[in-house]
Each structure stands twice: as C-alpha cells, then as structure tokens.
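Remarks on the structure that follows.
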C-alpha cells in the first residue's frame, strides 16, 4: 500500500513537473511576423509545400517559391507569452543575424536592439543597417513582462530578401496548391462516372486511367452544380461548366486536364495566374463519360489553388445550426476565392474591385491571422481603381482597416498622397455635397484618382439600365431615386472624411487631421439638414426627392450619422424593408442594424431561409458564397464571389462584438448582441493573439466566458435583459454596476481568462 501510495505521489509530482516544464517552455514569444507575414521560412515547389527549409534553398536545383521580403527596413510583430492575468509587456529585445547558429546562440551579428523599454509588440521597425538583396536573415525576440520578467528566446525566424529592395514594399505569400480526392465516386450510367469533391474550388484535374487500345477516349466534364443528380451542362450565367475530350494512350497513364483560357478573365485587366500554377477553373463535380472500368478513389485528384490559409485560426459554433452552416460557407469562401493572390470579383472577370476587397478584407481578418493579402489588394487598387463613386471612397476605408487591425502604418505613409483626392472633395458643389453629375469631373480630377474616365454612383449592384439588368428586371436598389445629390454617396463621403482625420493623425500630419475632423463635423450637420425628412423620420434618397429607400437609411445608420433622437425611427424603417439590398449591400445593412441596437432583427436577417438569404446559397448547392442571393436576381452571377461573405466578419465583429478600439487590438471591446441566440462560442485571431468568447443566454441569466490575449486590454459589455439580481466575475460577487445603453460595462480588463455572470429577477 505504501509503495502504491508513493508511486501515486511520484506520478503526481512527475506530471506536475511536466506541466511546469510545459508552461515554462511556452513562456516565449510566438506567432512572429516579418512584414506582416508569418511563414517566411516555408518553401513551396511548384505550389506544394516542401520539407526544405528556407536556408537550404541555395542548394535546391528545382524551382521553388517563398516569401520575399523586399523592404530594406522590415517590421516585426509577435505574440507576448503568459498565462497569468493582466500580463503586459514592459520591454523587448530583438536580435538579427545572417547566420543561423549565431542567432541560435543569441548573437545579433547584424542587429541587436538591446533591451527596449516599450509595450509595443506589433510593427516594430528594423533599425540596423539596410538589408542586402537576395540574402538570408534570422531573427528572434525575447520579451519582458510585468508578471514573468524575462522570457526565453523565441524560436528563430528566417526570411530571405528579394532581388531588389526599397524602404517599404508590401510582402506576400506565393500561391499554393492542395491535393484532394473526391468524397464520393459513383456510376450514374453505363460507362459514366460522377466524382464529387465536396466543395467547389479553383483547380486542375489529374486522372489516372487505363486504356486497352490506342483508340480509347473519354469526355471529362467539370462543373459547379448539379441538375437532377447529373452535372448541369447548361447552368446559365457564369456558373462554370467545361467539357474536355481526352484521348487515351494504351496502358495506365496519368493525365492532367489542360484548362482552357477564358478570354474575359485572362484579358488585359484581369489578374493572371502565375506560370508555376497554370490556368484554373472552379469546379466541384467531375463526370467522366465513356470509361468502362470501375473508377476507384485513387485515380482522380484535384489540385486546388489558394492563398495560404490556417483552418485552425478561427472557430465559431452556436445553438442555431443555420447560422453554423452560414459561418462555414463564408469562412471557406475566404480560402477558396484567394486563388489569384489578390482579392478579385470571382471567376467572371478576375478583376479587383474596392467593394469586393473591403468585405473580403474584413472577413479575412475574422477567419485567419493573415494581413498581407488585404494590403496587397489595397495597394493594387490605388493604381487600378474602378468606376463606382462609392468604391473610390472605399479605398480609404480599406486603408484605415489595414492599419487598425495591424498597427503597421507604413502603407498609410506610402499612399497618403494618393488617398487625399479619393475623399472626392473636388466634387463638392456650393451646397457642400459631392456630385458626379454636375460637371466637376475634369481631366485633372480623373488624373488625381488615377482613373481614365468618369466615375458614377452605384448605390447597390446590380440595378436596372446601362451596365445593370434589363429594364424589365428588378434591381437591388430598393427603388432608390438617383439625383444629382445622392444620399448614399454622400454618406460614404462623410465616413472617409472621419477616417482621413484618423489617418492623417497616425502619420503625424496634425494640420490635415484637424482639417478633416472639422470637415467631417460640418458635413454631418449639413447632411442631416438636407437629407433627413423630419415629418417621416427617415432619410430621403436625394435633396430633390422625398423617396426613402433601405439604402438611403442604412448607410447613414451604419456610419453613425443619425442623431440619438432619430435612430429609433430610422431603425424601424429598416425593419420594414427586409433584405431589399444585394449581398454587397447586406454588409452595411448588418452593420447598421447592430450599430443601432437592432440585434433581434439582425439575427433574423442572418438566419432567414427564403431566396434572399445566405442559407439559400447553401440550399441551391453552392459551397462558396454567391455574387447574388439567387440566379434570378443576377442572371450572369458567379458562384464564387467573396463579397457575399459578410457573415464571416459580422459574426465576430457585431454578433460576438469583438472590435478593436486602438490599432492592432492593443485595446478592444467585447460587446455581444445575442438576441435570442442561446449559446455561441468563437475564436478570433488577431495580430496580438487569439480572442476567445463564449456565452450562454438564458431568460434568468447571461454568462460570458472570455480569454483576452497578453499585452491587451478589453472593455467588456454584459447585456442586461431585466432587473439585475447579481453580477459575478470568476465566481465572486461584485457591487452593482452602472448600466450604459442596456449594458453593464467593465473597462480596461487585462489579459487572462474570465467568467462573467448576470442573474436577472422579475421586474
């Protein structure tokens, strides 16, 4: 008995020691980013991840791809380690070497920052000698915190510079390939086989087939949707279907189907696929016609192309299964539509558009700890803008979100002069509003925004008339009446004035910051005076019409332009219009609803199941968000369009309430708006680490479980649904708290794990 007891004690001590060792081993910085890219040490060969390290590439004969750091002075970011509450970084030390063993030994032969007393853990600029071209570097970091003191050194992070360097160049990954097999293979007719890969993806097809003569052949059909259990060969619009005759050689051989180029999406304006990838097409299903032998699992392979994506970086699950499916749809969309290495508008054109990029950017931030693709897309669009007025303005919004989520201001500094004319202040008339129809679009103006031609208001897409649907088809603008002075366009103008004030302040241009702030304040008052109809309690579409649309009201509400006394009437109006906007417009509708406290209605919109819903995209058979709610609302739509992925950012930002208050999530808020949702949990990645939130929502209580990353602080909002009986934090009752707009607010909660609980009694 004594021996057994000792053995149990020894085992306990052994496990305890292991746990302590594990905890100690984890007390080192991790998640290191170089120029906002994490996996700079990975090497791909023809798109496939290899087991070669970046420092071995000089000895590799085959062509390979890797991240090229092209900034002479790159930035560094990391996640601060620690398991205790209220962990704050107090200092850091970075070393860099051009020799791996020196870096491992802790010697900064190129640069040693020394111990820098600072809490900053994002966007730290390299301060050593300018980096050299085509050279390998190694860096690592240790941190000092208020709770654990000096950490261990991080793992060594390697990167290679490009063939030419500048003071600032955005870095990005190469495109990568993933091989997958069908989830189902079945015989649908004599000598006809159907393979279903489970999800749509941009890729190529490989077949290993056996022929018994030199005269054998098959026909390979690729497509995105079915019709009565067979591949739909006339899907309509730009839903993809392709047919490829394939002559077979006698014996068993592997064939790669050569994807034919589409003149429209491989033209001058399109983003082209790199040579090592080759042309791709989106497909989920494959039919092989004319093949007699049984088609086994191992003979058919899809190589699909995408930007590197970490499936484990985010997580969401709730008590509403419809919403779970919608999250999965939208999350996968972000991965699947990244095939071009720049945010594009699906497969029809493969052209970047600002509106697509903004939604894609926010949804990408909600699903993966990845920032380079958004930045690359934004900087591309500054050189190649598109024609809608509102989308020119949205370039500024993309720039601001890039900084807000990363804390890296170099892109803002590099592009600031290009951003200023995109406020469209040169289109202001005497009444202070901007207009695209009153003769102010001079050649000088067009040159200032780098657009060769005139821009025009869009409101939503598609609408009827030129460049839109036929006149007999209903558009997506809710009957919006276009006038010289457009309520939607001018709402965007206000939003970018406000954001330009923030941007100017960040880059140190205080004069401009004060100017834009003043202009925004003046403009907001002017806007409300000219567009708000006091009698009806809503905004009208223009100053020369009394028509009120969903769009004319959701944008000022989304951009916080509505006065406190008018929010209720505007919200009430929105709740009469349903989803009278496109999948693009839904981004701003959901923002407006949640910003105004309309969470119950917002949840209804998120989870509804009619033909104007995200669930309809799933019901019709798509695994990527659509360009429109249904084919009938845009007959030429794509079935692979990321601007339909708004729930991938609305769920973390608004429903779960996780939004940055300061750059790089140094401070943020958690303000859940559960409505009738009983349970939900989420993991959202940030540049400083994962934020985890879950809640249980009952009639008599609300429980909130959170994990705040180290070196951050959060404002926690607890929704109040009745008379508060008690409030507890980690099982300890706290004094009654002041309520603010239906919430109990706890400010400046430091890192760590917490459980908040409110009990409600009868009123």
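Across the stretch 176-306, the mean sequence separation of Cα contacts (distance under 8 Å, 6 or more residues apart), normalised by length, yields a relative contact order of 45 percent.
Please state, as a whole number in µm²/s, the translational diffusion coefficient that the Stokes-Einstein equation yields for the stretch 273-347 at 20 °C and 1.002 mPa s, with Rh defined as the Kirkwood radius across alpha carbon pairs.
It comes out at roughly 138 µm²/s.
The protection proxy used here, the mean number of other Cβ atoms lying within 10 Å of each residue, ranks peptides 244-250, 421-427, 406-412 as follows, highest first: 406-412, 421-427, 244-250. Beyond 18 Å, what percent of the Cα pairs of the stretch 349-477 remain? Here the tail beyond 18 Å accounts for 58 percent of pairs. Projecting the alpha carbon convex hull of the stretch 434-570 along each direction and taking the average yields 9.8 nm².
Segment residue 58..residue 600, full-extension length gain: 189.3 nm, with 0.36 nm per residue of separation and the alpha-carbon distance subtracted.
Using a 7 Å offset from Cα along Cα-Cβ at residue 611, what residues in the stretch 220-248 end up with backbone N under 18 Å from the label point? Under 18 Å, as judged by backbone N against the label point of residue 611, lie 226-228, 235-239 of the stretch 220-248.
Two-decimal Rg/Rh of the stretch 576-707 from alpha-carbon positions, Kirkwood Rh?
1.00
Each listed q (0.10, 0.21 Å⁻¹) maps to a log10 I(q)/I(0) for the stretch 146-243 from the Debye sum over equal C-alpha point scatterers, namely -0.57, -1.26. Across the chain, the convex hull enclosing all Cα atoms gives 219 Å³ per residue. Distance between the modelled labels on residue 748 and residue 276, one decimal in nanometres: 5.0 nm (7 Å Cα→Cβ projection).
The distance linking the stretch 197-273 with the stretch 459-510 is 40 Å (Cα centroid to Cα centroid, whole angstrom). Residues within the reach of a label modelled at residue 99 (point 7 angstrom out along Cα to beta-carbon, backbone nitrogen below 16 Å), restricted to the stretch 112-143, are 112, 136-139.
Relative intensity of the stretch 462-524 on a log10 scale, I(q)/I(0) at q = 0.25 Å⁻¹, equals -0.95, per a Debye sum over C-alpha point scatterers of equal strength in the absence of solvent. Computed from the alpha carbon positions, the gyration tensor of the stretch 176-306 leads to an equivalent ellipsoid with semi-axes of 24, 17, 14 Å, biggest first. What 222 nm value per residue comes from the helices of the chain, counting each DSSP H run with n ≥ 4 as -39,500 (n - 2.57) and dividing by all residues, nearest 500 deg cm²/dmol? Value at 222 nm, helices only, nearest 500: -8000 deg cm²/dmol. Seen through its C-alpha gyration tensor, with square-root eigenvalues sorted a ≥ b ≥ c, the stretch 290-395 comes out oblate because a/c lies at 1.5 or above while a/b is not bigger than b/c. Normalising the Debye intensity of the stretch 25-166 to I(0), with uniform scatterers on Cα atoms only, and taking log10 at q = 0.09, 0.13, 0.14, 0.21 Å⁻¹ returns -0.28, -0.57, -0.65, -1.28.
Averaged over residues, the count of other Cβ atoms within 10 Å places the peptides 191-203, 287-299, 81-93 in the sequence 191-203, 81-93, 287-299, highest first. Rounded to the nearest 0.05, what FRET efficiency do residue 739 and residue 521 give with R0 = 30 Å and r taken as the Cβ-Cβ distance? Could you check? Efficiency, from the Cβ-Cβ distance: 0.55.
Computed over Cα pairs, the Kirkwood radius of the stretch 635-763 leads via Stokes-Einstein (1.306 mPa s, 10 °C) to a diffusion coefficient of 102 µm² per second. For the stretch 173-189, the residues whose backbone nitrogen is under 17 Å from a point 7 Å from the Cα of residue 311, taken along Cα to Cβ, are 176-184. Within the stretch 336-655, the proportion of C-alpha pairs whose separation exceeds 26 Å stands at 44%. If the Kirkwood radius is taken over C-alpha pairs of the stretch 538-603, then at 20 °C and 1.002 mPa s the Stokes-Einstein diffusion coefficient equals 184 µm²/s. At residue 725 and residue 249, where each label point lies 7 Å from the Cα along Cα→Cβ, what is the point-to-point distance in nanometres? The modelled label-to-label distance comes out at 7.8 nm. Shape summary of the stretch 94-192, radius of gyration then Dmax from alpha carbon positions: 22.0, 74 Å. Note on residue 51 and residue 575: with the Förster distance fixed at 45 Å, the Cβ-Cβ geometry gives a FRET efficiency of about 0.20. Overall form of the stretch 450-496: oblate. Here a/c, set by the Cα gyration tensor axes a ≥ b ≥ c, is 1.5 or more, and a/b is not larger than b/c.
All of the numbers you see were taken from the coordinates with simple rules; none came from a lab. Since this is a predicted model, take the numbers as computed values, not measurements. Positions of Cβ are generated from backbone atoms using ideal geometry, with glycine treated the same way; all protein chains shown enter the neighbour counts.
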